[in-house]
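The values are calculated or read from the model by the stated rules, or taken from the named source; none is laboratory data. Given the structure is predicted, the values throughout are model-derived calculations rather than measurements. So basically every Cβ, Gly included, is an ideal-geometry build from the backbone, and we count neighbours across all protein chains shown.
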């Protein structure tokens, strides 16, 4: 994900849910200083291939905001899924609500995640509705693939937080989020839109990713490439319990992407550049982007808030003495143990790593009693050996889940793994109403077709 390039579209007006809108594009950095003569129409904004590409770059920037994959959606997984691994010491009331599972419908963090995810989705729709502007065939194909990937990753994150868990073998008629696939809006009609089911949202995500795979190049610099889309699709299939397809996608990425595990565990983090195992990373620099994992997990000497999220002893107890991941911590001035994954204020946010693909393949192979690409034991030991953990002689589902906690801790997996394995968060079952975000109050007020999640006003 490239957000180090500045999006020239400074002000994008939109209506969330209806996703209608028009562009006001200006070179002025201060919105209040905009001169009407400086603005251009929507038609002008999408009139050239360069402008379409600018919108695409801007969509990466939105997707990489702190509100989304710049750290917040990853952080929510720990706060919402916590029962014993982390403590929240921060002063932000909205985040404490998530940690205590007492979320209100006007929670600012929940609201902003919804808002910016739909803003990114709207811009992908603008791109896809105007692909005819791009005359170069290769560029057109690539742009279509990237736009569909970006739409998919945002819809996937929305449905996981605002809808209940997908359950394999059921109809999955529980409410997900509204699907909007066009930027064209009839302002004379009713702009309200209802929520689609979880089944429908997953189907759309898979459709977008499948089509993106057919369009994306094998190498695309910091942007999404074909293996980025396959890796996300592996994650999607695992979340819905489709082990055969999760196995196929993860194996393809491992075998053909050219990515490789970084030689040392610590080398996979706190980097200003993508590593050899990055399949997708939010690019953060001193000039652009925010790493909110650093903000809330790091001490102030490293640019964070001092350690709002601290690691509990119960998490450390998961590691054997030789496992370097069990020492990948440090202490702030209050004696709180903090994760060392986020010590670089301007470090990239590693959204999808190759290590996850090995763990997905291992879990899928184990569930299916197969050894596609490698045995589950070999894959688990590959990840463990990188961390200097002892090799296992046999592997179970419980072993794999613990290995995911060790390897992927604080990277946005906890609540989603709990839900898909039907675990619990303290006394709350995996399907509890309290483990789902409310539809934001502002959306309920302007859209009369929305149905609120149970337990919220």
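Descriptive notes on the structure:
- Breaking point among (1) closer than 26 Å to residue 259 by Cβ; (2) in contact with a helix residue (DSSP H, G or I) (Cβ under 6 Å, 6 or more places away or on another chain); (3) assigned to a strand (DSSP E or B), for residue 294: (3)
- When residues in the stretch 274-304 are screened for being surrounded by fewer than 18 Cβ atoms within 10 Å (Cβ to Cβ) and modelled with pLDDT of 95 or more, 5 of them pass.
- Scanning the stretch 145-173 for residues that are in contact with a helix residue (DSSP H, G or I) (Cβ under 7 Å, 6 or more places away or on another chain) and part of a loop (DSSP other than H, G, I, E, B) gives 163, 164, 165, 166, 171, 172, 173.
- Selection of helices (runs of 4 or more DSSP H) fully inside the stretch 66-144 by the criterion of at least 3 residues being in contact (Cβ under 8 Å) with a residue 24 or more places away in the chain returns 72-81, 108-129.
- Filter result for residue 455 (touching a helix residue (DSSP H, G or I) at 6+ places or on another chain (Cβ under 7 Å), outside any helix (DSSP H, G or I) and buried (at least 18 other Cβ atoms within 10 Å of the Cβ)): no
- Taking the stretch 342-446 as the region of interest, the helices (runs of 4 or more DSSP H) fully inside it that hold 3 or more residues being out of contact with any helix residue (DSSP H, G or I) (no Cβ under 9 Å at 6 or more places or on another chain) are 441-446.
- The stretch 309-319, residues that are surrounded by fewer than 23 Cβ atoms within 10 Å (Cβ to Cβ) and touching a helix residue (DSSP H, G or I) at 6+ places or on another chain (Cβ under 7 Å): 316, 318, 319
- Pairs, first within 17 Å of residue 78 (Cα to Cα) in the stretch 424-443, second crowded, with 16+ Cβ neighbours inside 10 Å and modelled with pLDDT under 95, C-beta under 8 Å, six or more apart: 425/82
- Hits in the stretch 35-56 - residues which are assigned to a helix (DSSP H, G or I) and either surrounded by 14 or more Cβ atoms within 10 Å (Cβ to Cβ) or modelled with pLDDT of 85 or more (or both): 42, 45, 49, 50, 51, 52, 53, 54, 55, 56
- The residues of the stretch 192-214 that are crowded, with 19+ Cβ neighbours inside 10 Å and either within 22 Å of residue 254 (Cα to Cα) or under 16 Å from the mean Cα position of the chain (by Cα) (or both), listed by number, are 201, 202, 205, 208, 209, 212, 213.
- Residue tally, condition surrounded by fewer than 21 Cβ atoms within 10 Å (Cβ to Cβ) and either in contact with a helix residue (DSSP H, G or I) (Cβ under 9 Å, 6 or more places away or on another chain) or within 14 Å of residue 353 (Cα to Cα) (or both), over the stretch 220-234: 2
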